[in-house]
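Structure first, then comments.
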Amino acid sequence: MIETVVSAQLPVGEELAIQKNRIEGAEPDSRRIAVVTGTHGDELEGQYVAWKLARLLEQKRKILHGTVDIYPALNPLGISTIYRGLPGFDLDMNRIFPGSRTETMNEYIADGIVRDIAGADLCIDIHASNIFLREIPQIRINEKSVDQLMPFAKLLNMDFVWVHGATTVLESTLAYSLNDIGTPTLVVEMGVGMRITERYGNQLIYGIFSVMNELGMLDEPAIPVQPPIVSTDGHVGFVNASESGIFLPRVSHADRVEQGQTIGIVSNPFTGEISEKLLSPLSGMVFTLREYPIVNEGSLIARVLGGVAK
Amino acid sequence: MKREILCTISALPYRQPIPVYGFRFGSGDKTLAVMGAIRGDEFQQMYTAARLIQRLEKLESDGALSAGILVVPCMAQFSMNVSRRFWPLDNTDINRMFPGYADGETTQRLAHRIFQALQGYQWGIHLTSFYLSGDFVPHVRIMETGFQKDEAGLDFGLPYLVIRSPHPYDTVTLNYNWQIWGTNTFSLYTRATRDIEPGSAEVAVESILRFLHRYGLSSEEVPEGCKSVCVNESQMVAIGSSSAGILLPQKHPGDKVAAGEMVASILDPYTAKPCEEIRSPVDGTIFFFRHAQILSERTIVCRIIPQNNS
Ligand SMILES: [Zn+2]
């Protein structure tokens with residue numbers, strides 16, 4: 001059933017409505033998970049997950065316990081305008097949570113979203129990197145909430161769990177705000193902006209079923225999942241361009257590379273020269289790889305996870 | 001006056017290198033640094049800094065300066081020349097990247113370079129703009145970091161000194177980091193951002209020269225300014241819209257209002273009939289007024305400093 005979570009009137013004859021698809025099984029109040037996506041309007045991987053999950057849960061309704069809420073578009077105006085942020089607004093939507101009722105419409109919407117998700121047994125916030133970088137399916141966890149979140153993260157069937165440092169600016173994300181009020185929330189990053197990688201989406205859906213199994217929400221045998229690599233087991237190396245130009249990769253995404261191996265080049269179309277060869281700082285797996293060819297000095301090219309066994 | 005290149009913005013091969021200039025005056029001491037436009041629409045901020053440069057040049061040649069001063073009128077050329085507020089490639093805001101990172105992404109590197117040039121000064125002034133488009137009463141703003149020197153803000157002689165408790169997104173601005181790293185920092189807001197207003201630029205320039213004079217750094221007399229009123233942002237009353245449509249302001253920044261008096265009306269966009277009369281709940285002075293032709297519901301229209309504070 002489609003329900004409106006929060007809405008507001010736009011200036012000229014249009015309502016902005018944040019909606020969700022509520023799928024209820026037996027004892028709908030016993031358990032609830034929220035699958036949310038579309039905070040960044042240029043990230044579309046979650047669109048496939050929302051669609052496919054709704055279809056599969058419809059088939060599984062007889063064995064479903066509790067409630068699954070799917071929120072396909074937290075930023076409908078961004079998605080409809082191919083815009084990452086909130087159109088006409090300076091701040092990234094993932095920097096205004098938990099929202100407010102006295103600032104602007106955008107903060108009011110953020111406040112309504114947090115109130116609606118609050119109290120869920122688990123929230124999964126699906127992101128798709130950006131248009132510049134391709135990511136392997138991964139979970140990002142703030143080091144402050146590792147203990148609560150790691151057990152869920154290991155069930156989600158993702159390849160990698162990245163535990164990152166706590167910084168004040170990240171306290172205004174949806175995930176931080178929900179974790180802060182006791183609603184466990186996992187951030188998924190996978191694929192690349194403006195594209196859909198169905199394989200990754202299917203992998204995540206498998207993980208969502210595995211978590212639901214663990215929470216007692218599906219009356220079927222538990223699905224075994226591969227344990228992810230955890231960043232704290234190894235070391236993350238960054239590769240940034242020192243030159244501006246056109247990036248051409250020389251490895252494939254998710255490849256294993258040796259220290260010193262060429263990950264790609266920055267080329268100069270005027271001269272036919274190679275402006276820069278970008279080398280891997282360590283041996284490991286290229287879990288992030290640049291997708292968008294134009295680079296400026298400093299543009300992120302790759303992230304390599306080293307120190308983990310093959 | 002010495003003009004020097006502080007750093008260069010390079011985005012070859014299709015944009016030519018852009019020098020970021022610093023203008024140095026007086027002694028070699030690091031007494032005061034003034035930062036102008038960081039964002040591509042901060043025309044008024046660039047213009048204000050440029051007018052300050054003219055005045056300082058005169059003071060220096062008259063032998064009236066006994067301080068070392070650096071003014072950076074603009075580091076937003078790359079965005080300004082293509083009519084964009086933020087970094088055009090990835091839409092990131094350099095003023096959300098401080099203190100910067102030498103090996104990071106493009107805008108982190110630029111923030112790092114300019115921050116290096118601005119470090120070690122006793123006083124710092126950032127001519128800046130707000131994340132919501134709107135007009136202000138000219139004021140000095142200080143971030144409450146625990147390191148700030150509030151009283152010094154009164155010496156600009158602007159109508160108001162505003163103390164702001166930082167939101168998470170403030171912790172990555174120039175103002176916040178400058179202060180944390182030991183410079184007494186003020187953000188100076190003139191009336192406008194996108195429109196060049198000579199009168200309000202002059203008010204800002206005079207206030208900086210007044211500050212210099214009060215601290216014995218310039219021997220030139222500057223006319224007495226206002227007796228600044230110190231207000232904590234949390235004491236201001238925010239008035240928002242409860243309907244959407246065309247915004248018709250009835251008041252302007254600096255205007256006095258009585259409780260119950262109308263500050264704006266919202267008109268139906270199709271009939272121009274008023275659908276909401278927005279009234280002040282308190283006696284006070286308009287501090288900030290949104291600059292917008294049309295408005296969503298639940299969005300801030302103005303902020304008022306209540307009478308008992310002014
Ligand atoms: Zn995202």
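With an 8 Å Cα cut-off and a minimum separation of 6 or more residues, compute the relative contact order for region B:2-232 in percent.
Values: 503 pairs, mean separation 50.6, N = 231.
Computed value for region B:2-232: 22 percent relative contact order.
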Fully extended contour minus Cα-Cα distance, from A:LYS52 to A:GLU198, at 0.36 nm per residue: 51.6 nm
Gained length - B:GLN122 relative to B:TYR14, 0.36 nm times residue gap less alpha-carbon distance: 35.0 nm
Distance from a point 7 Å along Cα→Cβ of B:SER165 to each backbone N in region A:108-143: keep the residues under 20 Å and list them by number. A:108, A:111
Label-point separation, B:GLU277 to A:THR271 (7 Å along Cα→Cβ), nm: 7.1
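Hey, fewest Cβ within 10 Å first, where do A:SER280, B:SER228 land in order? Intermediate values should be presented prior to the final figure.
Working: A:SER280 22, B:SER228 19.
So the residues, fewest neighbours to most, are B:SER228, A:SER280.
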Debye intensity ratio I(q)/I(0), log10, chain B, q values 0.10 Å⁻¹ (C-alpha model): -0.58
Which of rounded, prolate, oblate describes region B:236-309, given a ≥ b ≥ c as roots of the alpha-carbon gyration tensor eigenvalues and a/c under 1.5 marking rounded, otherwise prolate only if a/b is larger than b/c? prolate
Taking alpha-carbon centroids only, region A:171-194 lies from region B:62-98 a number of Å equal to 33
If eta is 1.002 mPa s and T is 20 °C, what Stokes-Einstein diffusion coefficient results for the protein assembly as shown, Kirkwood Rh from Cα pairs, in µm²/s? 81
Relative to the compact-globule estimate 2.2 N^0.38 Å (N residues), the Cα gyration radius of region B:55-159 stands at a ratio of 1.27
With r defined as the distance between the Cβ atoms of B:HIS252 and B:ILE180 and R0 fixed at 25 Å, what FRET efficiency is calculated, to the nearest 0.05? 0.10
To the nearest whole number, what is the average tally of beta carbon atoms from other chains within 10 Å of the beta carbons of peptide B:109-118? 1
Would you calculate the separation in nanometres between label points at A:ASP180 and A:GLU27, each defined as 7 Å from the Cα along the Cα-to-beta-carbon direction? 3.3
State, to one decimal in nm, how far the label point of B:ASN308 lies from the label point of A:THR102, with both points 7 Å from Cα in the Cβ direction. 1.5
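Would you calculate a helix-derived [θ] at 222 nm for chain A, using -39,500 (n - 2.57) for each DSSP H run of n ≥ 4 and dividing by the full residue count, to the nearest 500?
On the way: 6 runs with 67 residues, N = 310.
After summing the helix terms and dividing by residue count, I get -6500 deg cm²/dmol.
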Which whole-percent values make up P(r) of region B:169-292 when all C-alpha to C-alpha distances are grouped in 10 Å steps starting at zero? 10, 27, 33, 20, 8, 2
Output the Cα-based Rg and Dmax of region A:23-141 in Å, rounding Rg to one decimal and Dmax to a whole number. 15.3, 46
10 Å Cβ neighbours from other chains, averaged over peptide B:236-242: 2
Report the relative contact order of region B:236-309, percent, no decimals, based on alpha-carbon pairs under 8 angstrom and at least 6 residues apart. 42
Sort B:122-129, A:238-245, B:23-30 by packing, meaning the average of other beta carbons within 10 Å per residue, with the highest value first. B:122-129, A:238-245, B:23-30
Only helices at least 15 Å long along their own axis, judged from Cα atoms, and with Kyte-Doolittle mean hydropathy of 0.0 or greater: name those in chain A from DSSP H. A:105-117
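Need one number: convex hull volume per residue for chain A, Cα atoms only, in Å³.
Details: hull volume 43.0 nm³, N = 310.
Dividing the Cα hull volume of chain A by its residues yields 139 Å³.
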Region A:234-306: C-alpha gyration tensor shape, a/c 1.5 cut-off, then a/b vs b/c: prolate
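Where a number appears in this text, it was derived from the coordinates with a stated rule and is not lab data. Quick caveat, the model's predicted, so the values are computed rather than measured. Glycine gets a Cβ as well: all are built from the backbone with ideal geometry, and neighbour counts include every protein chain shown.
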